[in-house]
Amino acid sequence: MTMRISKGLIPFIILALCAACNRAPRTGISVTNELDFERLMMVEVPLKTLDPSPSGQWIVKDEDGHEIESQVTSDSLLIFNALLVPKGTSTFWVSPGQHASYDTLATGRIYHERLDDVAWENENVAFRAYGPALQRNGERGYGYDLFLKHGPTGPVLEQLYARELQPGWHQLVDSLRRAGLKAQADSVAAFHSYHTDSGLGMDPYAVGPTLGAGVAALLDDEGNFSYPWCYQTAEVLEQGPLRFRVFLTFPPRELDGDTITEVRLITLDAGQNLNHTVVKYLGLSKPRTIVSGVPLRDDGPYTANVAEGYISYCDPALAGNNTPEQRGNLYVGLAYPFIPDSAKVVTDAGQPHLVAYTTYYPDSLYVYHWGYGWDHGNIPSYSAFNTLLSHQSLSSRP
């Protein structure tokens with residue numbers, strides 16, 4: 001008996017689940033990459049196609065018999081990463097049983113202790129979305145924020161937040177500065193502030209009333225970005241070891257006579273630099289133009305490659321007491337499973353943005369990828385990041 005399962009937006013991928021009619025103790029999964037470049041793919045296998053496992057776990061092995069990390073998700077999928085060679089096929093074997101202990105690579109949570117941030121990471125990248133406590137304070141943080149990581153590495157957000165939120169260190173820094181002890185003050189600040197790189201990574205990114213690291217926004221009738229501000233509710237659906245997933249809802253808002261509610265499903269898988277995000281607007285009465293992109297902070301290079309389905313910007317990492325050598329080069333960008341209508345630089349509320357345009361239809365889904373690379377992390381250059389974005393766009397087209 002041979003079964004086939006669909007991979008949704010992943011093109012040129014053929015997954016065949018092969019199981020004997022008498023329910024053989026293991027299931028073979030063949031994954032074919034028909035693209036001409038190597039790619040890391042998170043394979044998703046519906047649990048209903050597998051033999052039952054009394055432990056609630058399954059063991060996945062590669063063609064050489066080595067066990068590889070896997071995860072059972074809340075939507076009843078067994079997932080595991082497959083590194084696929086160009087124009088090649090790999091076979092994996094799944095059997096019921098107790099799998100080995102795995103390191104957590106993708107994880108996150110709601111940091112109520114830090115103004116309701118939702119923050120998440122994998123071994124390469126880390127991000128956050130601002131929550132209702134920040135909005136109540138009146139701070140305008142509309143877009144996504146990011147933390148740079150010296151990846152690949154293990155989780156760092158718990159340590160960064162713990163240091164930043166430790167009571168009294170701000171007062172200690174102030175007292176040392178008043179006493180003329182600048183070196184000691186800088187040392188304390190470097191250890192505690194997550195805006196300064198002390199070896200774990202840092203948040204050097206300015207968000208404010210912008211799209212940040214890749215938020216989408218509808219345009220109003222005047223052509224202005226319509227932001228939802230901070231999320232209202234958050235439900236973490238997956239916390240690793242291979243996938244983090246969170247569902248965000250935003251407060252209802254008025255848009256040219258419509259009362260709309262925005263919802264987002266954000267997924268970050270192990271091994272990736274980009275989040276997969278699905279956005280839907282409820283209550284919209286007519287099609288509208290939608291944009292997504294990033295603010296331009298200076299005259300750094302940017303790319304608007306509509307034909308290959310991505311936009312990107314080489315952004316200076318400026319925040320914190322970091323030297324230019326510590327800052328390095330930050331690359332932010334978005335990749336699309338479709339060809340945008342156009343991409344260009346526009347100014348919203350006085351801030352230039354690089355954005356891609358398309359049309360959003362009521363009750364449809366807006367799907368895209370967004371994230372970053374850092375030359376002190378796992379992406380050595382701007383050209384390498386653009387290649388990553390181009391490959392992501394090609395890999396996710398239907």
Margin query: Need the failing condition index for residue 301 against (1) over 30 Å from residue 255 (Cβ atoms); (2) free of Cβ contacts under 8 Å to residues at least 12 places away in the same chain, just the number.
Written below: (2)
Next item on the list: With respect to residue 311, determine if the residue is within 21 Å of the chain's Cα centre (by Cα), at negative phi, among the β-branched types (Val, Ile, Thr) and not in a strand (DSSP E or B).
Entry: no
Margin query: Go through (1) open to solvent by 70 Å² or more (accessible area, probe 1.4 Å); (2) among the charged types (D, E, K, R); (3) part of a strand (DSSP E or B); (4) at pLDDT below 95 for residue 299 and report which single condition fails.
Written below: (3)
Notebook entry, point to check: Does the stretch 149-192 hold any residues that are in contact (Cβ under 8 Å) with a residue 60 or more places away in the chain, of a type outside the set (Asp, Glu) and farther than 30 Å from residue 243 by Cβ, and which are they?
Noted result: 189, 190
Margin query: Looking only at the stretch 302-325, how many residues end up being closer than 30 Å to residue 155 by Cβ, open to solvent by less than 10 Å² (accessible area, probe 1.4 Å) and at pLDDT 95 or above?
Written below: 3
Note to self: I need the full set of residues from the stretch 136-148 which are of a type outside the set (Phe, Trp, Tyr), in contact (Cβ under 8 Å) with a residue 60 or more places away in the chain and out of contact with any Asp or Glu (no Cβ under 9 Å at 6 or more places or on another chain), in order please.
What the structure shows: 140, 141, 143
Next item on the list: Please work out which residue is surrounded by the fewest Cβ atoms within 10 Å (Cβ to Cβ), limiting yourself to the stretch 20-34 and to residues that are in a loop (DSSP other than H, G, I, E, B) and either among the aliphatic types (A, V, I, L, M) or in contact with a helix residue (DSSP H, G or I) (Cβ under 7 Å, 6 or more places away or on another chain) (or both).
Entry: 20
Notebook entry, point to check: Quick check: is even one residue across the stretch 85-108 in contact with a helix residue (DSSP H, G or I) (Cβ under 8 Å, 6 or more places away or on another chain), open to solvent by 10 Å² or more (accessible area, probe 1.4 Å) and farther than 30 Å from residue 35 by Cβ?
Noted result: no
Notebook entry, point to check: Of these, 180, 138, 168, which one is of a type outside the set (Val, Ile, Thr), surrounded by fewer than 20 Cβ atoms within 10 Å (Cβ to Cβ) and under 30 Å from residue 349 (Cα atoms)?
Noted result: 138
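Restricting the search to the stretch 336-361, which residues are open to solvent by less than 30 Å² (accessible area, probe 1.4 Å) and closer than 27 Å to residue 195 by Cα?
Selection gives 348, 353, 354, 355.
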Check: Looking only at residues in the stretch 35-84 that are hydroxyl-bearing (Ser, Thr, Tyr) and buried (at least 18 other Cβ atoms within 10 Å of the Cβ), which one is nearest to residue 100 (Cα to Cα)?
Finding: 70
Next item on the list: Only residues that are closer than 20 Å to residue 83 by Cα and in contact (Cβ under 8 Å) with a residue 40 or more places away in the chain: list them for the stretch 47-65, please.
Entry: 58, 59
Notebook entry, point to check: Within the stretch 80-103, is there a residue that is under 18 Å from residue 161 (Cβ atoms) and small (Gly, Ala, Ser)?
Noted result: no
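The values are calculated or read from the model by the stated rules, or taken from the named source; none is laboratory data. Keep in mind that what you see is a predicted model, and the values were worked out from it rather than measured. So basically every Cβ, Gly included, is an ideal-geometry build from the backbone, and we count neighbours across all protein chains shown. Calculation scope for accessible area: heavy atoms of the full protein, side chains included, ligands and nucleic acids excluded. Shrake-Rupley method; radii C 1.70, N 1.55, O 1.52, S 1.80 Å.
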